[in-house]
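Q: Here it is: the structure, laid out below.
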Amino acid sequence: MKSFSIIFKTLLVAVLASTLTTSCIKDKYDEPVQLPDVDPNLEVNLTIEQLKDLYKTEPVQITEDYIISGVVISDDQDGNVYQTLIIQDETGGVGFRVQRTDLFTDFPFGRKVYVKLKGLWVGSFNNLIQIGAADDGQGSVTLISASFVGDFFVKGPRGQVVTPLEIDIADLSSKYQNTLIKLKDVQFIESQAGKVTYADAVKKQNGTTNLEDCNGNKIELRTSGYAKFAGDVVPAGKGDVVAIYQIYKASNQLLINRTSDVQLTNSDRCGGGTVDPPLDTIAPSVPGPDAKLLFPGADFEDFAVFKAQVDSKFGLKPYAVSAIGEGFGGGNALALRGTPGGNDYVFSILASAQATFPVGAKYISFYVKGKTTAVDPKDLKSISINVQRSNGTNYDVFNALNLSSNALLKASTEIQSNGNGTNDYRGVIDTKDKWVLVTLDIAELDVNRTNTSTIFSIKVGSKSTFDLLIDNIVVW
Amino acid sequence: MVKRLIFVLTCYASTSGLVFGQEAIDTTRPVAVDELIENQLTFDEAPIVSLDDNDVSQGISSQLTAGRDPFFSAATFNWGAARYRIRGYDNDNFITYMNGVPMDLLDRGGSSFFLWSGLNDVLRSRDNSLGLKPTSYSFGEIGGQFSIDSRASKQWKQLRVSYASTNRNYNNRIMATYNTGLTKSGWAFSVSASRRWAHEGYVPGTFYDGWSYFASAEKVFNKSHSLAFTTFGAPTKSGSAAGTVTELQELAGSNYYNPYWGYQSGKVRNSRVNKSHQPTFILTHEYSPSNKLNIMTAASFTTGIRKSSALDWYNVSDPRPDYYRNMPSYIKEDYYRNLLIDRIKADPSLIQVNWDRMYDVNLNNTETIKNVNGIQGNDVTGKRSRYIIEQRVSKVQRVNLNSVVNATIDEHLNFSGGISYQYQKNRLYKEVGDLLGGDFYVNLNQFAERDYPGSNANQNDLNHPNQIVKVGDKYGYDYDMVFHKAAAWGQLQGKWNQLDAFLSAEISHSTYFRDGNYRNGLFVDNSFGKSEVKNFLNYGVKGGATYKINGRNYVYANASYSTRAPYFQDIFVSPRTRNSAVGDPKNEKIASVESGYVLNTPKVKARLSGYLTKFNDLTKTMTFYHDVYRNNVNYTLTDIDKIHFGGELGIEAKVYKGLTASFAAALGRYYFTSRQKATVTVDNSSDVLASNEVIYSKFFKMGGTPQTAATLGLNYRSPKYWFVSANLNYFDDMWLDFNPIRRTWSAVESVPNPSDNYDQIIQQEKLKRQLTLDVYGGYSWKINNIMKGLKKSHFIYMNVGINNITNNKNLVTGGYEQLRFDFENSDINKFPSRYFFAYGINYFFSISYKL
């Protein structure tokens, strides 16, 4: 009977082994691969112009097996185009109302699309022809449900080149509606150029701005409050705008897919006047009106207050002293008078001391007066400024290099392996006994807005003799 | 949908002593615990306590212990299908000890059953104690306490191999166990392993893949001294099922419609996969220098992960088929709505996940990400995934130290007491699980991007702006929850001729805090680093007495009052984004009394009891996605008071020879007794949307359990080593969990009162009562009886259970009103309730061989 036991156990082991080997639960899946686009080459039997002509006075359903084709000229990725797919062919353009907010995923700009129109309705929204799912009872049409997009729209190849029609504002008319046009040498009107945003990004309200050509012809640019660029300020210069032309009642309107279609790069405005070039290309001579001291004591009027903001880890170098009565516009300043032995941190300001930045702050500025000298010219040095990032550890660097007049500094793009910018002390400072304004462009930086670590440090190069006054460190 | 079907087979057999004649103890028990563990993994709202009937009498012969209590058997086995919860209590009112250490979860209370899932063979030595009864190892919780002793010396010497087949959440199970028993050298070893799997479980699109392992070694140095080391784990992976709305269940033609899965290249893929593996190590030292003193000291360490996957996406449409905008009811035009309905009926895959489309979007979405990791000019171009699989990960480390002393003071008095220290750290974060064809994902908060354009607010981690993440990289949120708890308790127990009495007390101190690993762009100053440390001092007292009228009739009464710290998730209003917490959190207060009568005769066993429990000052935070805010909205409810009271009856009587009849019934009432206050916050803003908004929640019922349940059973056991039994179960007074938002003034402000709509908005849905029928049978075969001459005893056991034999597929075991409300039109059907259903007819068959 021992043999029974052995047989039984062997059998058990065999059964166990076989069940285990067949019990594998796979969780690997065959991954779909990118398929090349194909053109279904459907037979097109209607032009977009003919389609629009179907609308007379009220919404009408398309009962024939009409097929149009066109290229997508709308892009809802930035949120300005909303629930609308606009296509155009050689005869014109037309928009479809579709209940989707990510049409760019299936119908990106430049994709050829066929539309099987039977069953859809043609309507008009204040003279703009729209195609939709049904009569909305108010003259226009309802949204085509996401589930039915595939019933009507057939995808063709992507990447079709769309050349916008170059046209003058004065020549625009209804037949160009929902086509991509290019207006050359236009500008935002004086009261808006460089001053207002495309729309109200905070309240999410649509915005209307106005473009004009040099003959005084004007056209509205409408922007959704939900567009990603709603809060961007419109450019001040003159240039070309690519947009979808639309009409609302009797007025002309433009709809842009993205701000890169607004290329107003020429600083000469119509009629010869020039706008101030954008601030990011010239050095300001005074800080903006809403400038605030970066930290208490940043005007150096009360030196004790300033010293209280200095990170005690680095301290304040002995050659950094209060300069009574020598300040910008009178009052006191900070003087650097001495010859540093190393590339010193003169001081670092605690992050906890920083002021609340003004809304949209883009710059830190301070005044400098004086010069650096050295017995051996190769020892001539300048200053370098560190602005801490929000992680408290890393920082961006602004190098003053040669400094003799107002300067707008950009952060060093030489990033070290540890993530920090690179200090560069080369250069000489000589302001010819005048105050110059040094402005740091922090708009794109991740400035340390927390209460930990530091925010702002001034460094000096070694061996050079400094005789510098520094005053009024502000953020604006 | 619901796998709360508990397998019973032999519970009646064991309740009345000898089972198959040959062996008193050993029967095949596909244990309840097992099923429950799996359920916990599969369903978010885990119910009941997990218990089984394994009972080794603990020497106190004064009264029936829970395992042999007919009511307890019914509650755990027959009512599991309806997710019956004992006394309506949540999981955190029960506690389980393993080899001398408490196995509760400090983050949310309750026990971590999933840790030992699938190890039925070695978890049979148990002490179950229900309600307020005293135990020798813990002060306990008000619902009950359970102690599992899996040390090697407690395992019967045997080799056991079994196979089971079922059509529930898994299809197959194999299990093997070998125990040496205590050898002459003083050593004992035990090993056990099992595997459970299904390519597709009862619910479409679910799968199951669970392994379990266990090993224990123990050295008994001498009579007074032993040391045991035990380790176990259960690496498990399973596909989930969802509670869904009636509209889609009707379209799919099944109450088990599961929106989580879809076809990928023709193969079923589930988007919600749970994975867990948290190995546990326990060292247990027992010292008993005399039979009057016993000191057990144990330490445990648990480490590992739990992950659950889900779809995530960036500025593209919601891909979930049960999202309300994707359902036919969202289409306004009758023609198109009906057309879609017809299409879905012809092609049900239209209401499943469309994997291929997500791949298509990702494969064709080439983008350039600027200034990656915050480095100017560091631009990366590639296929940016718009849809991904996210893994919500919880990485756990837990240490428990516990020491318990039991001392006999004199012939009447016993002292028990103990001290414990518990530490737990959970790191919670999301990681990229699958890029679905793309090259990378970007660690940005699309909701903040929309709300605060042109700022850094959209950075999930300002320390790494514009971070590109790939499979396995963390993103979204990343924070630690850190817990410490120290407790001490003591208990005096007296036993006299006609009276047993006890008095016990506990004191504990617990602390916890959040420690953020991300600096969230929205909460620059309040997300990175340590939060304020929350401190709680709690205590409990309880006492009771049993009057022994005679050896067969007992009456007892117990009472307790305790306080309890609120849970981390309920205090931190939005831990995913920031350190903000309820300012002055209150401790929960729990008062409970119970009383009963027990009859214990050779022919009839019965217990009749009543209880009343009041919970005061509970705090709870509920989080849900709100698509108007396009964000997670957090409702922090405070001042929650509730009451649970009711009666329990269990009777078991030997009717004729091997025939036993049993009846059990629970009649309870569980409802809220206060108007709760809601403070509403959003993940993406520090704005408080509402502060102390009154929720008109008074008299609303607790959902998630039948408040009335009954079972009638018949069991016949043949002297020829087989048995059959049948149970008829009845469930009533089941309520849907309610949405507090609908019970506010702002929800009904513009609704005419009286009106049908008004009533619909504020009334709570009562679920239909149900009947189910279960049958069981078993046979035990001693091979030696046929094959004479075998040296050792060989047994084969076979058991089968068929549950819900009438195939009732309409038993709603739970559900909830969606935490949304259509304030605009006051239409409750815009966000309809979601329901879970118990399985229709289902079976469990097992065969095991024991040497």
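Nothing in this text is a laboratory measurement; each read-out follows from the coordinates by a stated rule. Because the structure is a prediction, the values reported are computed rather than measured. Positions of Cβ are generated from backbone atoms using ideal geometry, with glycine treated the same way; all protein chains shown enter the neighbour counts.
Q: When DSSP beta bridges are limited to those with both residues in chain A, what percentage is antiparallel, rounded to the nearest 5? Before the final figure, lay out each step's value.
A: Numbers: 95 of 106 bridges.
Within chain A, antiparallel bridges account for around 90 percent of the total.
Q: Provide a whole-number value for the mean count of partner chain Cβ atoms within 10 Å of the Cβ atoms in peptide B:263-274.
A: On the way: counts 1, 4, 5, 2, 4, 1, 3, 1, 0, 0, 1, 0.
If you average over the peptide's residues, the count of other-chain Cβ atoms is 2.
Q: Binning at 10 angstrom from zero up to the longest distance, how are the C-alpha pair distances of chain B distributed in percent?
A: All Cα pairs, binned at 10 Å, distribute as 2, 12, 21, 26, 21, 11, 5, 1, 0 percent.
Q: If one puts a single equal scatterer on every Cα of the stretch B:110-263 and applies the Debye formula without solvent, what log₁₀ I(q)/I(0) results at q = 0.09, 0.15, 0.21 Å⁻¹?
A: -0.44, -0.92, -1.21
Q: Turning to a different aspect of this structure: I'd like to know how the stretch B:673-828 sits against the 2.2 N^0.38 Å rule of thumb: what's its Cα Rg over that expected value? All intermediate terms of the calculation are to be shown ahead of the outcome.
A: Details: Rg = 26.5 Å, N = 156, 2.2 N^0.38 = 15.0 Å.
Dividing the Cα radius of gyration by 2.2 N^0.38 Å gives 1.77.
Q: OK, next. Take the residue pairs A:203/A:249; B:425/B:768; B:133/B:620 and return only those whose Cα atoms are more than 31 Å apart. Please report the intermediate quantities before stating the final value.
A: Numbers: A:203/A:249 26 Å; B:425/B:768 42 Å; B:133/B:620 28 Å.
Violating the 31 Å limit, Cα to Cα: B:425/B:768.
Q: Which value at 222 nm does chain A reach when only helices count, each DSSP H run of 4 or more adding -39,500 (n - 2.57), with the total divided by all residues and rounded to the nearest 500 deg cm²/dmol? Walk me through the numbers before you get to the answer.
A: On the way: 5 runs with 41 residues, N = 476.
Here the helix-only value at 222 nm equals -2500 deg cm²/dmol.
Q: State the three equivalent ellipsoid semi-axes of the stretch B:425-464, derived from the C-alpha gyration tensor as the square roots of 5 times its eigenvalues, in descending order and whole Å.
A: Over the Cα atoms of the stretch B:425-464, the semi-axes work out to 21, 17, 9 Å.
Q: Hey, any idea what the orientation-averaged projected area of the convex hull of the stretch A:104-170's Cα atoms comes to, in nm²? It would help to have the intermediate numbers written out before the result.
A: Details: hull surface 24.8 nm².
Dividing the Cα hull surface by four gives the mean projection, 6.2 nm².
Q: Per 5 Å bin, what is the whole-percent P(r) computed from every C-alpha pair distance within the stretch A:325-395?
A: Going from the shortest bin to the longest, the percentages are 3, 9, 17, 20, 19, 16, 10, 4, 1, 0.
Q: Looking only at Cα atoms, what is the convex hull volume of chain A per residue, in Å³?
A: Taking the convex hull of the Cα positions in chain A, it is 291 Å³ per residue.
Q: Please list the radius of gyration and Dmax for the stretch A:378-439, considering alpha-carbon atoms only, with Å as the unit.
A: Every Cα atom of the stretch A:378-439 included, Rg and Dmax give 12.9, 39 Å.
Q: Would you mind pulling out the separation of the Cα centroids of the stretch B:414-482 and the stretch B:104-130, in Å?
A: 29 Å
Q: Still on this model: Which residue, A:425, A:107, B:123, has the largest displacement toward the positive end of the dipole of the protein assembly as shown when charges sit on each Cβ (Lys, Arg +1; Asp, Glu -1)?
A: Towards the positive end, the residue furthest out is B:123.
Q: Whole number please: convex hull volume per residue of the Cα set in the stretch B:391-481, in Å³?
A: Values: hull volume 14.2 nm³, N = 91.
Taking only Cα atoms, the stretch B:391-481 has a hull volume of 156 Å³ per residue.
Q: Using the Cα centre of chain A as the reference point, and only Cβ charges (+1 on K/R, -1 on D/E), how large is the resulting charge dipole? Debye, rounded to the nearest 20.
A: Numbers: 45 positive and 55 negative charges, 330 e Å.
I would put it at about 1580 debye.
Q: Rg and Dmax of the stretch B:548-614 over Cα atoms: what are they, in angstrom?
A: According to the Cα coordinates of the stretch B:548-614, Rg and Dmax are 21.1, 62 Å.
Q: Let me ask something additional. Once you have the Kirkwood Rh of the stretch B:129-210 from its Cα pairs, apply Stokes-Einstein at 4 °C and 1.567 mPa s and quote D in µm²/s.
A: Numbers: Rh = 15.9 Å.
Estimated via Stokes-Einstein, D reaches 82 µm²/s.
Q: On to the next question. At what distance in nm do the modelled label points of residue A:173 and residue B:349 sit from each other, each positioned 7 Å from its Cα along Cα→Cβ?
A: 5.2 nm
Q: Under a straight-distance cross-link criterion of Cα-Cα below 12 Å, which aspartates and glutamates are reachable from residue A:116, leaving out those fewer than 8 residues away in the same chain?
A: A:43, A:64, A:65, A:151
Q: Can you list residues whose amide H is under 5 Å from residue A:54's amide H, if they're 5+ apart or on another chain and H is modeled 1.01 Å from N?
A: none
Q: Under 5 Å between amide H atoms, partner at least 5 residues away or on a different chain: which partners does residue A:47 have, H built in plane at 1.01 Å?
A: none
Q: Cα-Cα over 27 Å: which of B:395/B:809; A:313/A:432; A:317/A:378? Write out the running numbers ahead of the final one.
A: Numbers: B:395/B:809 38 Å; A:313/A:432 35 Å; A:317/A:378 23 Å.
In this structure, B:395/B:809; A:313/A:432 lie more than 27 Å apart at Cα.
Q: If you find the alpha carbon centre of the stretch B:597-634 and of the stretch B:196-269, how far apart are they in angstrom?
A: Comparing the Cα centres of the stretch B:597-634 and the stretch B:196-269, I get a distance of 25 Å.
Q: Quick one: putting +1 on the C-beta of Lys and Arg, -1 on the C-beta of Asp and Glu, what dipole do you get for the stretch B:338-427 around its Cα centre, in Debye to the nearest 20?
A: The calculated dipole for the stretch B:338-427 is roughly 440 debye.
Q: Next question. State which stretch of chain B is the longest one without any exposed GluC sites (Glu not before Pro), exposure meaning a DSSP loop state and at most 13 other Cβ atoms within 10 Å.
A: Numbers: sites that count: B:411, B:532, B:749, B:824.
Here the longest segment lacking exposed loop sites spans B:1-410.
Q: Calculate, axis by axis, the spread of Cα positions in the protein assembly as shown along the three principal axes, and write the results as whole Å, longest axis first.
A: Rounded to whole Å, the extents work out to 114, 88, 71 Å.
Q: Still on this structure: Would you kindly derive the ³J(HN,Hα) couplings of the stretch B:298-309 from the backbone phi angles with the Karplus curve 6.51 cos²θ - 1.76 cosθ + 1.60 (θ = phi - 60°), listing them in order in whole Hz, with x for Gly and Pro?
A: Once θ is set to phi - 60°, the couplings for the stretch B:298-309 become 9, 9, 9, 9, 10, 8, x, 10, 10, 10, 9, 9 Hz.
Q: Then there's this: Name the residue farthest towards the positive end of the dipole of the protein assembly as shown from the options B:847, B:754, B:323, assuming +1 on Cβ of Lys and Arg, -1 on Cβ of Asp and Glu, about the Cα centre.
A: Toward the positive end, the furthest listed residue is B:847.
Q: Give the span of the stretch A:159-203's Cα atoms along each principal axis, as three whole-Å numbers ordered largest to smallest.
A: 34, 27, 19
Q: List every residue whose amide H lies under 5 Å from the amide H of residue B:261, counting only residues 5 or more places away in sequence or on a different chain, with H placed 1.01 Å from N in the peptide plane.
A: Correct list: B:271, B:353.
Q: Out of all DSSP beta bridges with both ends in the stretch A:34-185, state the antiparallel percent to the nearest 5. Don't jump to the answer; show the numbers that get you there.
A: Details: 24 of 29 bridges.
Within the stretch A:34-185, antiparallel bridges account for around 85 percent of the total.
Q: So if I average 1/r over every pair of distinct C-alpha atoms in the stretch B:746-832 and take the inverse, what Kirkwood radius in Å does that give? If you can, show how the numbers build up before the last one.
A: Working: mean 1/r = 0.0534 Å⁻¹.
Taking the inverse mean of 1/r over all distinct Cα pairs, the stretch B:746-832 comes out at 18.7 Å.
Q: In whole Å, largest first, what are the principal axis extents of the Cα atoms in the stretch B:519-584?
A: Principal-axis extents of the Cα atoms in the stretch B:519-584, largest first: 71, 19, 15 Å.
Q: Mind sorting B:104, B:759, B:641 by how few other Cβ atoms lie within 10 Å of their own Cβ, fewest first? It would help to have the intermediate numbers written out before the result.
A: Numbers: B:104 23, B:759 11, B:641 17.
Going from least to most buried by this count: B:759, B:641, B:104.
Q: For the stretch B:589-735, what Kirkwood radius comes out of the mean inverse Cα-Cα distance, in Å?
A: Values: mean 1/r = 0.0527 Å⁻¹.
The Cα-based Kirkwood calculation yields 19.0 Å.
Q: Sticking with this one: Need one value for B:335-344: mean number of C-beta atoms belonging to other chains within 10 Å of its residues' C-beta atoms. It would help to have the intermediate numbers written out before the result.
A: Working: counts 3, 9, 2, 0, 5, 3, 0, 0, 3, 1.
Across the residues of B:335-344, the mean count of other-chain Cβ atoms within 10 Å is 3.
Q: I've got another one for you. Using the crude model of +1 on Lys and Arg Cβ and -1 on Asp and Glu Cβ, and no other charge, please compute the dipole size for the stretch B:692-851 relative to its Cα centre, in debye to 20.
A: Values: 18 positive and 13 negative charges, 352 e Å.
Rounded to the nearest 20 debye, it is 1680 debye.
Q: Separate question: If eta is 1.306 mPa s and T is 10 °C, what Stokes-Einstein diffusion coefficient results for the stretch A:34-88, Kirkwood Rh from Cα pairs, in µm²/s? Write down the numbers at each step before the final one.
A: Working: Rh = 13.9 Å.
Approximately 114 µm²/s, per Stokes-Einstein.
Q: Further question on the same structure: When the Debye formula is applied to the Cα atoms of the stretch A:280-319, each taken as the same point scatterer, what base-10 log of I(q)/I(0) results at q = 0.20, 0.26, 0.34 Å⁻¹?
A: Per q value, in the given order, log10 I(q)/I(0) is -0.74, -0.90, -1.18.
Q: Relative contact order for the stretch B:708-814 using alpha-carbon pairs under 8 Å, separation at least 6, rounded to a whole percent?
A: Details: 163 pairs, mean separation 29.1, N = 107.
RCO, the stretch B:708-814: 27 percent.
Q: Going by Cα centres, the stretch A:219-272 and the stretch A:397-476 are how many Å apart?
A: Rounded to whole Å, the Cα centres lie 36 Å apart.
Q: Can you give the Rg to Rh ratio of the stretch A:313-451, both from alpha-carbon atoms, with Rh computed by the Kirkwood formula?
A: Details: Rg = 15.5 Å, Rh = 16.3 Å.
Looking at the stretch A:313-451, the ratio lands at 0.95.
Q: Could you derive backbone 3J(HN,Hα) for the stretch A:233-243 from the dihedral phi with the Karplus parameters 6.51, -1.76 and 1.60 (θ = phi - 60°), listing whole Hz in sequence and x where the residue is Gly or Pro?
A: With the stated coefficients, the stretch A:233-243 comes to 7, 6, x, 9, x, 10, x, 9, 10, 9, 7 Hz.
Q: Same structure again: Given the C-alpha atoms of the stretch B:177-242, compute the convex hull and give its volume per residue in Å³. Could the numbers behind the result be given before it?
A: Working: hull volume 6.4 nm³, N = 66.
Residue-normalised Cα hull volume stands at 96 Å³.
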